[in-house]
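Novice: Quick one: this structure, given as structure tokens, is what I'll be asking you about.
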Amino acid sequence: MSDSLQTITLGGGCFWCTESVYVQVRGVLTVESGYSNGHVVQPDYEQVCTGTTGHNEVVKLGFDPAQISLREILEIFFVIHDPTTLNRQGHDVGTQYRSGIYFSTPAQEKIAKEVISDMTQSGVYSQPIVTEVMPLANDWPAETYHQNFFAKNPGQGYCLAVAAPKVAKFRKTFARLMKN
């Protein structure tokens with residue numbers, strides 16, 4: 001592992017789904033489900049679910065840029081969720097499910113905006129990308145039972161219907177980036 005471990009925080013709908021993909025990505029060393037960019041200090045799941053805290057369900061990724069680039073992490077991100085739906089991912093509706101990239105350095109902000117610009121110019125999506133790109137603020141880890149949820153509950157209905165297809169899509173599209 002290099003000495004330059006970086007973190008990036010991503011909101012792509014339910015954190016169970018996003019986490020279930022990134023735990024399988026080569027070079028991603030830590031994945032923590034949580035909440036960010038809201039106004040309540042130390043929110044809990046029930047508060048965030050009301051949609052009144054301003055928080056987003058996110059995963060904070062610790063990654064080794066010698067093994068995977070931020071650009072590659074973001075390419076995965078844009079394949080595993082729909083960045084064109086405002087405050088919604090599938091049946092999950094509310095500001096807590098918004099598409100967001102929460103950076104910790106100006107260089108990360110620049111890369112995130114470049115990736116969005118590249119995707120917009122490529123015409124990959126028929127609708128505009130609504131992903132917010134903001135500095136990480138007021139982040140808080142989710143409760144212990146949310147961490148590694150998909151791995152612990154692969155037969156749970158939501159995991160089967162929503163998370164498992166995202167994992168399959170990642171494996172098919174990014175096999176070269178999977179952990180061994």
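The values are calculated or read from the model by the stated rules, or taken from the named source; none is laboratory data. Predicted, not measured: the structure shown is a model, and the values here were computed from it. Here the Cβ is made from the backbone with ideal geometry for all residues, glycine too, and neighbour counts use every protein chain on show.
Novice: Consider M134 against the criteria (1) out of contact with any strand residue (DSSP E or B) (no Cβ under 8 Å at 6 or more places or on another chain); (2) under 18 Å from S99 (Cα atoms); (3) not charged (D, E, K, R): it satisfies all of them except one. Which criterion is unmet?
Specialist: The failed condition is (1).
Let's see how each residue does on (1) without any contact (Cβ under 8 Å) to a residue 60 or more places away in the chain; (2) at negative phi; (3) of a type in the set (S, T, N, Q):
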{"position": "Q89", "(1), (2), (3)": "no, yes, yes"}
{"position": "T95", "(1), (2), (3)": "yes, yes, yes"}
{"position": "F103", "(1), (2), (3)": "no, yes, no"}
{"position": "Q121", "(1), (2), (3)": "yes, yes, yes"}
{"position": "N138", "(1), (2), (3)": "no, no, yes"}
{"position": "A142", "(1), (2), (3)": "no, yes, no"}
{"position": "F150", "(1), (2), (3)": "no, yes, no"}
{"position": "G157", "(1), (2), (3)": "yes, yes, no"}
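Novice: When the residues of segment 1-25 are narrowed to those that are more than 13 Å from the chain's Cα centre (by Cα) and of a type in the set (A, V, I, L, M, F, W, C), which ends up modelled with the lowest pLDDT?
Specialist: So the residue we want is M1.
Novice: Being of a type in the set (A, V, I, L, M) and assigned to a strand (DSSP E or B) is the filter; apply it to segment 6-26 and report the residue that is farthest from D64 (Cα to Cα).
Specialist: Going residue by residue through segment 6-26, those that are of a type in the set (A, V, I, L, M) are 8, 10, 21, 23, 25.
After this cut, where a residue has to be assigned to a strand (DSSP E or B) as well, the list is 8, 10, 25.
Values: I8: 11, L10: 16, V25: 11 Å.
Here the residue is L10.
Novice: Yes or no: G62 of a type in the set (G, A, S), surrounded by fewer than 17 Cβ atoms within 10 Å (Cβ to Cβ) and at pLDDT 95 or above? Steps first, answer last, please.
Specialist: Working: of a type in the set (G, A, S): yes; surrounded by fewer than 17 Cβ atoms within 10 Å (Cβ to Cβ): yes; at pLDDT 95 or above: yes.
Yes.
Novice: Moving to a separate point now. Yes or no: V79 among the β-branched types (V, I, T), touching a helix residue (DSSP H, G or I) at 6+ places or on another chain (Cβ under 9 Å) and under 19 Å from V40 (Cβ atoms)?
Specialist: Details: among the β-branched types (V, I, T): yes; touching a helix residue (DSSP H, G or I) at 6+ places or on another chain (Cβ under 9 Å): yes; under 19 Å from V40 (Cβ atoms): no.
So V79 fails the test.
Novice: Please list, ordered by first then second residue, the pairs with beta carbon atoms under 9 Å, 6 or more apart or interchain, first in segment 43-56 and touching a residue at least 24 places away in the same chain (Cβ under 8 Å) and more than 17 Å from L136 (Cα to Cα), second of a type outside the set (S, T, Y) and part of a loop (DSSP other than H, G, I, E, B).
Specialist: These pairs meet every condition: D44/A142; D44/E143; Y45/A142; Y45/E143; C49/G94; G51/N87; G51/G94.
Novice: Can you find, within segment 38-59, the residue that is surrounded by the fewest Cβ atoms within 10 Å (Cβ to Cβ) among those that are polar (S, T, N, Q) and in contact with a Gly (Cβ under 7 Å, 6 or more places away or on another chain)?
Specialist: Looking only at segment 38-59, we keep the residues that are polar (S, T, N, Q), and these are 42, 47, 50, 52-53, 56.
From the residues that got through so far, the ones that are in contact with a Gly (Cβ under 7 Å, 6 or more places away or on another chain) too are 53, 56.
Working: T53: 21, N56: 29.
Per the stated criteria, the residue is T53.
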